[in-house]
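Please read the structure below before turning to the comments.
The values are calculated or read from the model by the stated rules, or taken from the named source; none is laboratory data. Treat the numbers as computed from the prediction; the structure is a model and nothing was measured. Methodologically, a virtual Cβ is constructed for each residue, glycine included, from the backbone with ideal geometry; neighbour enumeration extends over all protein chains shown. Note: areas computed on protein heavy atoms with side chains; ligands, DNA, RNA excluded. Shrake-Rupley method; radii C 1.70, N 1.55, O 1.52, S 1.80 Å.
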Amino acid sequence: MFKSAKKMLSLAAGVAIGLSAASSAWSASSLEEVMKERGLTQKDLLAAAKTYVPTGGRDEYIVFASGGQSGQVIVYGIPSMRILKYIAVFTPEPWQGYGFDEESKAVLAMGRIHGKDITFGDTHHPAFSEADGEYDGKYLFINDKANPRIAVIDLHDFETKQIVVNPIMKSEHGGAFVTPNTEYVIEAAQYATPHENIFVPLEEFNDKYRGAITYWKFDKKKGRIDESQSFSVELPPYSQDLSDAGKGPSYGWSFTNSFCSERYVGGIERGRPPFEAGCSSKDTDYLHVVNWKKGEELVKAGKAETVNGHKVISMKTAVANNMLYLVPEPKSPHGVDVSPDGKFMIVSGKLDSHAWVYSFDKIMKAAEAKKFEGKDPYGIPIIAMKDALHKQVNVGIGPLHTQYDKAGSCTVYTSIYVDSMVTKWDYCEGKVLDQMPVHYNIGHLMAMEGDSVSPDGKYLVALNKLAIDRFNPVGPLHPQNHQLIDISGKKMQLLYDMPLPLGEPHYAVAIRADKLKPGVRYKSGWNSRTDSRSPFKTRAGREKTVRTPGKVEVFGTLIRSHINPEIIEVTEGDEVIIHLTNLERAQDETHGFAMYGGNVNLSVEPGKTATAKFQADRAGVFPYYCTEFCSALHLEMQGYMLVQPKGYKAKEGGMVEGVKYTEADYNKQVKTNVDTQAVINSVVAFITSHNYKDFPTVVALVEDATDQLGFAEEAKKKSEAAAAKKDWQNAMLWANQWWQYQVKTADMGLRAKTFLEQNNAKKIK
Ligand code: K7E
Ligand code: CUA
């Protein structure tokens with residue numbers, strides 16, 4: 001038997017022995033003993049059993065959490081709280097090659113502000129695309145508070161496809177929130193500024209500074225925001241805050257808070273009391289109630305103005321068309337959350353201990369009857385709080401955000417920042433049901449499918465701002481603490497603490513895992529950022545290097561375990577463009593591409609074509625290699641870029657090989673290959689004699705193995721051709737390449753065989 005197969009088989013045996021040894025160790029220590037040793041209570045055990053997912057198991061829900069200042073999105077599973085991915089959004093991210101390949105650089109370039117690259121984002125609120133108010137699992141949107149932008153992530157491959165820059169805002173917060181059919185993605189301003197990109201002194205704050213809400217039109221077919229169909233509504237300089245879209249009876253409307261309707265401008269250095277004093281002096285701020293459906297009509301009818309090339313409905317036009325109202329809300333409010341049935345909005349005041357339940361029906365009745373308590377300085381009608389309020393409940397000090405339990409129930413959960421707890425209460429009756437401490441200073445909380453028209457209840461995640469003493473210390477900058485809470489019973493039960501060390505995730509959304517159907521490979525030669533065939537797609541055998549004066553363009557491929565080309569020759573000063581297509585079809589066979597000295601780093605997933613572009617500005621030798629451990633010969637997946645000095649003349653004579661091979665060497669290698677083939681045949685016989693077609697994992701492995709075996713056949717032919725000419729050097733080297741492909745085939749085959757054995761495949765013949 002040949003060496004490698006022997007090694008593999010003995011490895012497999014070793015694993016089997018290891019398993020049985022381990023299982024006897026497991027049984028030796030009883031559950032009681034482990035509990036005693038680790039100081040665990042029955043409650044701990046129950047929590048562990050509720051969250052533990054055994055190897056190979058899957059989670060029921062997938063969470064997309066904002067990555068805060070990291071400008072990314074964090075993906076994790078519930079109930080296990082295992083982190084699955086960081087999606088690169090506003091920030092370059094090397095693992096995904098984001099911001100390194102030309103394709104993703106083009107996405108980041110969409111997010112430039114006045115031509116400047118912005119390489120971070122302050123992400124706050126992710127939101128799923130919806131159909132009839134249900135999460136459809138197709139797209140995710142997220143905002144950037146610091147540089148008003150919205151990003152579109154396609155959940156087919158979990159990649160960022162588009163970034164749009166808000167044309168009139170210089171600060172935002174109330175995004176991203178989607179309307180029930182993803183007609184629009186809502187983005188509300190935060191700190192008021194002039195809409196034009198000009199200087200205006202603060203003395204003219206009341207007259208020239210403005211807030212706004214932008215409604216970004218989403219083209220579901222294209223999966224992109226259509227900037228030309230998007231519009232904004234001008235608002236007073238009230239520091240708009242969070243938003244939410246109406247649904248059901250409130251469909252067509254949206255709701256946005258504000259927190260400094262005092263319009264106070266600080267200036268400590270000028271001897272003025274700070275912002276925080278002036279922005280919290282009044283007892284109430286305003287909830288903005290906006291009819292975006294009406295807004296859409298007005299834009300179509302040409303009633304909008306154009307500011308910075310973008311359609312803006314002025315406050316005057318909005319008021320004249322009955323599409324904008326204000327309702328007083330408690331001091332410095334934060335969250336506004338529409339109930340799943342669309343009938344109520346719950347608002348909490350950070351400086352008040354109450355949650356306030358507004359009735360959409362009452363607001364509409366007052367609006368229709370033109371029953372107003374007055375107008376604000378900009379002429380916007382104000383509906384009296386008593387005419388809009390349904391209930392007011394004392395929930396604790398510093399309430400922020402609210403999530404709704406299962407559809408049809410009146411139960412809600414509100415995060416209580418100052419008191420560090422979650423309050424469970426009934427918003428129909430207006431009474432508190434339960435309270436539970438969290439650690440510490442909770443911001444948002446999030447229930448399963450909580451923003452949809454049919455939340456699932458089950459679990460709640462508390463997104464705590466401070467972790468303080470919860471984890472092993474890691475220096476002054478602490479991770480955040482996401483706590484998983486079981487809300488299926490009467491009393492809330494804490495299940496798990498998860499440290500999140502990547503920025504401050506403000507909000508998160510969770511979707512049923514079975515709604516997501518991401519692909520595992522791209523169509524061959526795919527530009528994943530534009531979702532179209534790359535013009536630089538290169539097929540096996542068609543690799544080429546094109547030279548034009550001052551420029552070298554490589555059309556290359558990647559497959560286990562070589563980069564084609566392996567030698568790239570350029571001249572000092574050349575612009576170098578390297579397009580690489582990953583030819584793999586096998587799941588999880590990503591190849592990377594990194595090169596010395598030039599910030600060159602690609603991640604090329606199966607099927608993808610990615611491009612590196614740089615200037616070869618100095619002569620020298622630049623090794624490159626694959627950065628993913630993709631096969632046993634991954635380290636050999638390497639090459640050289642030679643940057644020759646200008647005017648360089650190649651030396652006479654060919655390569656000097658390190659080893660000279662003989663006919664005997666060739667024969668020995670061929671013997672090994674024949675033996676290897678026998679092992680492959682036996683594995684193939686095992687697989688095909690079982691119902692392997694019932695196992696998609698095995699079908700994929702078999703496909704891949706068949707590909708590799710095809711490559712082996714090609715190498716075999718080259719080897720035999722060289723042997724016929726008695727060129728033993730090349731005969732031996734190609735025989736070895738033939739064997740390398742066999743080893744990869746055997747590797748796939750053995751993985752398939754093991755899978756079948758472990759999953760009790762049935763013998764069919
Ligand atoms: Cu409360 Cu930006 Cu929604 Cu932070 S926000 S917590
Ligand atoms: Cu490809 Cu390592």
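Taking the options Ala715, Ala724, name whichever one is without any contact (Cβ under 8 Å) to a residue 60 or more places away in the chain and open to solvent by 30 Å² or more (accessible area, probe 1.4 Å).
Matching residue, one of Ala715, Ala724: Ala724.
Got a number for residues in segment 629-663 being touching a helix residue (DSSP H, G or I) at 6+ places or on another chain (Cβ under 9 Å) and of a type in the set (A, V, I, L, M, F, W, C)?
Qualifying residue count for the region: 4.
Which numbered condition in (1) assigned to a loop (DSSP other than H, G, I, E, B); (2) farther than 21 Å from Lys537 by Cα is the only one that Lys668 fails?
Of (1) assigned to a loop (DSSP other than H, G, I, E, B); (2) farther than 21 Å from Lys537 by Cα, only one is false for Lys668: (1).
Can you tell me which residues in segment 586-602 are open to solvent by 10 Å² or more (accessible area, probe 1.4 Å) and within 11 Å of ligand 2 (Cβ to nearest atom)?
Selection gives Glu589, Thr590, Ala594.
Only one residue in His439, His390 is in a strand (DSSP E or B) and either in contact with a strand residue (DSSP E or B) (Cβ under 8 Å, 6 or more places away or on another chain) or among the basic types (Lys, Arg) (or both). Which one?
His390
Just one of (1) more than 16 Å from ligand 2 (Cβ to nearest atom); (2) not in a loop (DSSP other than H, G, I, E, B) trips up Leu558, so point out which.
Of the numbered conditions (1) more than 16 Å from ligand 2 (Cβ to nearest atom); (2) not in a loop (DSSP other than H, G, I, E, B), the odd one out for Leu558 is (1).
One residue is enough: does segment 93-113 have a residue meeting the conditions part of a loop (DSSP other than H, G, I, E, B), open to solvent by 10 Å² or more (accessible area, probe 1.4 Å) and closer than 25 Å to Ser243 by Cβ?
Looking through segment 93-113, none of the residues is part of a loop (DSSP other than H, G, I, E, B), open to solvent by 10 Å² or more (accessible area, probe 1.4 Å) and closer than 25 Å to Ser243 by Cβ.
Output the number of the condition that Leu502 fails; it satisfies all remaining conditions of (1) open to solvent by less than 20 Å² (accessible area, probe 1.4 Å); (2) within 16 Å of ligand 1 (Cβ to nearest atom); (3) more than 30 Å from Ser409 (Cα to Cα).
(1)
Which numbered condition trips up Gly550, out of (1) surrounded by 14 or more Cβ atoms within 10 Å (Cβ to Cβ); (2) over 19 Å from Ile78 (Cβ atoms); (3) not aromatic (Phe, Trp, Tyr)?
In the conditions (1) surrounded by 14 or more Cβ atoms within 10 Å (Cβ to Cβ); (2) over 19 Å from Ile78 (Cβ atoms); (3) not aromatic (Phe, Trp, Tyr), Gly550 misses (1) alone.
Just give me the residues in segment 669-728 being of a type in the set (D, E, K, R) and farther than 24 Å from Leu756 by Cβ, in sequence order.
Lys671, Glu713, Glu714, Lys716, Lys717, Lys718, Glu720, Lys725, Lys726, Asp727
Return only the number of the condition from (1) on the phi > 0 side of the Ramachandran plot; (2) touching a strand residue (DSSP E or B) at 6+ places or on another chain (Cβ under 7 Å); (3) more than 16 Å from ligand 1 (Cβ to nearest atom); (4) not in a strand (DSSP E or B) that Val453 does not satisfy.
Val453 satisfies all of (1) on the phi > 0 side of the Ramachandran plot; (2) touching a strand residue (DSSP E or B) at 6+ places or on another chain (Cβ under 7 Å); (3) more than 16 Å from ligand 1 (Cβ to nearest atom); (4) not in a strand (DSSP E or B) except (1).
Could you tell me which residue of segment 377-387 is farthest from ligand 1 (Cβ to nearest atom), considering only residues that are assigned to a loop (DSSP other than H, G, I, E, B) and either open to solvent by less than 10 Å² (accessible area, probe 1.4 Å) or over 27 Å from Lys208 (Cβ atoms) (or both)?
This residue is Ala384.
With the condition kept exactly as written, say whether any residue in segment 744-758 is outside the structural domain of Gly541 (by TED's automatic domain parsing), of a type in the set (Lys, Arg), assigned to a helix (DSSP H, G or I) and crowded, with 21+ Cβ neighbours inside 10 Å.
Yes, segment 744-758 has at least one match.
Of all the residues that make up segment 229-284, how many are touching a Lys or Arg at 6+ places or on another chain (Cβ under 8 Å), closer than 22 Å to Val152 by Cα and either part of a loop (DSSP other than H, G, I, E, B) or open to solvent by 40 Å² or more (accessible area, probe 1.4 Å) (or both)?
1
Could you please let me know if Lys693 is without any contact (Cβ under 8 Å) to a residue 24 or more places away in the chain and part of a helix (DSSP H, G or I)?
When the stated conditions are applied, Lys693 passes them.
Need pairs with beta-carbon distance below 8 Å; first residue more than 19 Å from Pro549 (Cβ to Cβ) and within segment 615-627, second loosely packed, with under 12 Cβ neighbours inside 10 Å and aliphatic (A, V, I, L, M); sequence gap 6+ or separate chains.
Tyr625/Leu635
Can you run down the residue pairs with Cβ atoms below 6 Å, 6 or more apart or on separate chains, where the first is in segment 635-647 and within 15 Å of Ile578 (Cα to Cα) and within 12 Å of ligand 2 (Cβ to nearest atom) and the partner is in a strand (DSSP E or B) and not basic (Lys, Arg)?
Gln638/Tyr625; Gly639/Ile563; Gly639/Tyr624
Would you please list the contacts, defined by Cβ atoms under 8 Å and residues six or more apart or on different chains, that run from a residue in segment 109-122 that is in contact (Cβ under 8 Å) with a residue 12 or more places away in the chain to a residue that is open to solvent by 40 Å² or more (accessible area, probe 1.4 Å) and among the hydrophobic types (A, V, I, L, M, F, W, C)?
Phe120/Ala146; Gly121/Ala146; Asp122/Ala146
Please go through segment 424-445 and give me each residue that is among the polar types (S, T, N, Q) and either touching a helix residue (DSSP H, G or I) at 6+ places or on another chain (Cβ under 6 Å) or within 16 Å of ligand 1 (Cβ to nearest atom) (or both), ordered by number.
Asn441
Among the residues of segment 629-642, is there at least one that is assigned by TED's automatic domain parsing to the domain that holds Val743, of a type in the set (Ser, Thr, Tyr) and within 27 Å of Gly592 (Cβ to Cβ)?
No.
Please enumerate the residues belonging to segment 702-712 that are in contact with a helix residue (DSSP H, G or I) (Cβ under 7 Å, 6 or more places away or on another chain) and open to solvent by 20 Å² or more (accessible area, probe 1.4 Å).
Within segment 702-712, Val702, Leu709, Phe711 qualify.
Write out, first by first residue and then by second, each pair whose Cβ atoms fall under 6 Å of each other, whose residues are 6+ apart or on separate chains, and whose first residue, in segment 365-380, is at negative phi while the second is hydroxyl-bearing (Ser, Thr, Tyr).
Qualifying pairs under 6 Å: Ala367/Tyr325.
Do you know which residues across segment 406-441 are of a type in the set (D, E, K, R), touching an Asp or Glu at 6+ places or on another chain (Cβ under 9 Å) and open to solvent by less than 20 Å² (accessible area, probe 1.4 Å)?
Of everything in segment 406-441, just one residue is of a type in the set (D, E, K, R), touching an Asp or Glu at 6+ places or on another chain (Cβ under 9 Å) and open to solvent by less than 20 Å² (accessible area, probe 1.4 Å), namely Lys424.
Hey, Asn322 hits all of (1) surrounded by fewer than 20 Cβ atoms within 10 Å (Cβ to Cβ); (2) outside any loop (DSSP other than H, G, I, E, B) but one; which does it fall short on?
Result: Asn322 fails condition (2) only.
Going residue by residue through segment 383-398, is there one that turns out to be under 19 Å from Ile485 (Cβ atoms) and under 33 Å from the mean Cα position of the chain (by Cα)?
Yes.
Kindly list the number of the only condition in (1) surrounded by 21 or more Cβ atoms within 10 Å (Cβ to Cβ); (2) within 30 Å of Asp59 (Cβ to Cβ); (3) out of contact with any Ser or Thr (no Cβ under 8 Å at 6 or more places or on another chain) that fails for Asn582.
Of (1) surrounded by 21 or more Cβ atoms within 10 Å (Cβ to Cβ); (2) within 30 Å of Asp59 (Cβ to Cβ); (3) out of contact with any Ser or Thr (no Cβ under 8 Å at 6 or more places or on another chain), only one is false for Asn582: (3).
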